[in-house]
Amino acid sequence: MLTIDLAVLLAVILFLVMRRPPRPRKRIDQVLVVFAAVAFGVLIATTPLGQGILDLLGEVTRGVSQAAS
């Protein structure tokens, strides 16, 4: 039986939607993309990859704030 992880499915959908050529989009298209991106973020946040990304971004922001002061 084939199983598909929901986060992977959302990542593929977001990738395909963002690759479309820029053209005027309907408001509902924009809302659906934002909703899918937020759902993807929530799904990936609980994984080790999501925690690694959070740690990396924390280190980058600390480095930038220390460099600025």
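The values are calculated or read from the model by the stated rules, or taken from the named source; none is laboratory data. Everything numeric here is computed off the predicted structure, so don't read it as measured data. Methodologically, a virtual Cβ is constructed for each residue, glycine included, from the backbone with ideal geometry; neighbour enumeration extends over all protein chains shown.
Out of Val8, Val60, one residue alone is surrounded by 12 or more Cβ atoms within 10 Å (Cβ to Cβ) and under 19 Å from the mean Cα position of the chain (by Cα). It is Val8.
Would you say Thr3 is at pLDDT below 85 and surrounded by 12 or more Cβ atoms within 10 Å (Cβ to Cβ)? Write out each step before concluding.
Numbers: at pLDDT below 85: yes; surrounded by 12 or more Cβ atoms within 10 Å (Cβ to Cβ): no.
Answer is no for this residue.
Here is the figure for the stretch 21-45: residues that are loosely packed, with under 10 Cβ neighbours inside 10 Å and under 27 Å from Asp5 (Cβ atoms) total 1.
Whether any residue in the stretch 19-32 is under 13 Å from the mean Cα position of the chain (by Cα) and part of a helix (DSSP H, G or I) is what I want to check. No, the conditions are met nowhere in the stretch 19-32. Can Leu9 be described as at pLDDT below 85 and assigned to a helix (DSSP H, G or I)? The answer is yes for Leu9.
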